[in-house]
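The values are calculated or read from the model by the stated rules, or taken from the named source; none is laboratory data. Values in this document were obtained by computation on a predicted structure and should not be read as measured data. Glycine gets a Cβ as well: all are built from the backbone with ideal geometry, and neighbour counts include every protein chain shown.
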Amino acid sequence: MNVSVPTHAAAAPLAEITTAAAWRGDVLSKGDSWVYMLSEAQIAELEALGTRFVESDPDLRFVQKEEYPLTACADAVSEWGRDVDSGRGFVLVRGLRTHLYSDALSAAIYYILGLHMGDPIRQNEKGDLIDSVYATSDKTMADPTAKSSKVRDELVYHSDSSDIVALMCLRPALRGGASCLVSGAEIYNEILRRRPDLAPLLFETYHWDWRRQDKNAPADTYTSPIIDLTDGIFSMYAGSLYILTAQEYPGVPQLRPEQIEVLKLFDEIAYEPGMAIEMDFRPGDIQWLSNYAALHARQGYEDYPEPQRRRHLLRLWLSRQGDRPVIPGFGKNGVVQVRHKPRDGQTTDDLGFFRIKDAPVPRLLADHG
């Protein structure tokens, strides 16, 4: 099926995506090709490197991967990179014995692997490079002050502001909290099949609510298309929640009826039975995910009453130098902060957690949740 695309979006007619990035969860979940089991030799290497990292206590802003070279894990990291860049868009790595580690050692192993998968970027205006996904609030996402990583509520499908988003499970929830992934390419294919007249609207520029994602953001919104097809390579940046809430700010152009219609269809398809794959994190699991290939969501969950047993994931945002071409300003490009310095005009480095013993500690103050 071919559909003409506006000249500002792409030069060629639209066609369905037929690469490995277009998948259905009900098919993938029949096997475990997306799970990588670490070997004993790989685990031993990571534990040794992580121990040295904790003892050396380097500044997370400046430490380099060359200081912690991989041997046993080198081929694995290359394989994960191919899965993320040009395969299905994600991989789940399993086998780390985090029940035997301190949180600092778990975070050190995770950060070392992150350095080899890309370059960590700042996740907030404080400069944190490792963020804790840990509920500090009973708010729901209906509350505009709620921060998605600090509540137990269900999270809708969305993209994060990075090339790769990674999650490491330190402790799972008492019940619920499954991670859900859905293929952006397959959603796009379904829109082309059902409503080819709406598909070109995904290439138009939308305003995204920056303030709701980070209350210290330097502007209310940033802009990006939802779909890019530069050089025929499919890339996606999605999450209608932040497009819709951006409408509340003065000066933001109001969505046209047909734009609202395609956003609604996009979300409806994402939640259709069989589209998503669900995974319950086990302690030590690491999920590497391309923000250009798949959207992620989270089921609501019930937590343990004891703070030390509560669901606790560590999150990395990575900038990855790969072969994926995208238009300037697509998705995360407008909001990324490099790890070694704050945003121009900002002086917040006295607030960031830049040591590995601090980085996995959840911020418990009310204004962080």
- Query: Going through segment 199-214 one residue at a time, which ones are in contact (Cβ under 8 Å) with a residue 24 or more places away in the chain, farther than 16 Å from F234 by Cα and not acidic (D, E)?
  - Reply: Y206, H207, W208, W210, R211, R212, Q213
- Task: Pick out the one residue from P253, P283 that is outside any strand (DSSP E or B), surrounded by fewer than 19 Cβ atoms within 10 Å (Cβ to Cβ) and touching a Ser or Thr at 6+ places or on another chain (Cβ under 9 Å).
- Result: P283
- Query: When only residues in segment 134-180 that are among the basic types (K, R) and at pLDDT 90 or above count, which is surrounded by the most Cβ atoms within 10 Å (Cβ to Cβ)?
  - Reply: R171
- Note on the structure: Going through segment 29-46 in order, the residues found to be aliphatic (A, V, I, L, M) and more than 14 Å from I109 (Cα to Cα) are V35, M37, A41
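Listed here are the residues, each with its yes/no results for (1) within 21 Å of I164 (Cα to Cα); (2) modelled with pLDDT of 95 or more; (3) outside any helix (DSSP H, G or I).
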| site | (1), (2), (3) |
| --- | --- |
| H8 | no, no, yes |
| W23 | yes, yes, yes |
| E45 | no, yes, no |
| L70 | yes, yes, yes |
| V77 | yes, yes, no |
| L96 | yes, yes, yes |
| A107 | yes, yes, no |
| Y110 | yes, yes, no |
| G114 | yes, yes, no |
- Query: Does at least one position in segment 132-148 carry a residue that is in contact with a strand residue (DSSP E or B) (Cβ under 9 Å, 6 or more places away or on another chain) and either part of a strand (DSSP E or B) or farther than 19 Å from H296 by Cα (or both)?
  - Reply: yes
- Set I277, I243: member being assigned to a strand (DSSP E or B) and buried (at least 18 other Cβ atoms within 10 Å of the Cβ): I277
- Just for segment 98-111: of the residues that are surrounded by fewer than 24 Cβ atoms within 10 Å (Cβ to Cβ) and in contact with a helix residue (DSSP H, G or I) (Cβ under 7 Å, 6 or more places away or on another chain), which one is nearest to Y36 (Cα to Cα)? T98
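Each row is one residue, and each column tells you yes or no for (1) touching a helix residue (DSSP H, G or I) at 6+ places or on another chain (Cβ under 6 Å); (2) over 21 Å from D197 (Cα atoms); (3) of a type in the set (S, T, Y).
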| site | (1), (2), (3) |
| --- | --- |
| D231 | no, yes, no |
| M236 | yes, no, no |
| A246 | no, yes, no |
| P253 | no, yes, no |
| R256 | no, no, no |
| Q259 | yes, no, no |
| G274 | yes, yes, no |
| E278 | no, yes, no |
- Determine if segment 192-210 includes at least one residue that is part of a strand (DSSP E or B) and not aromatic (F, W, Y). yes
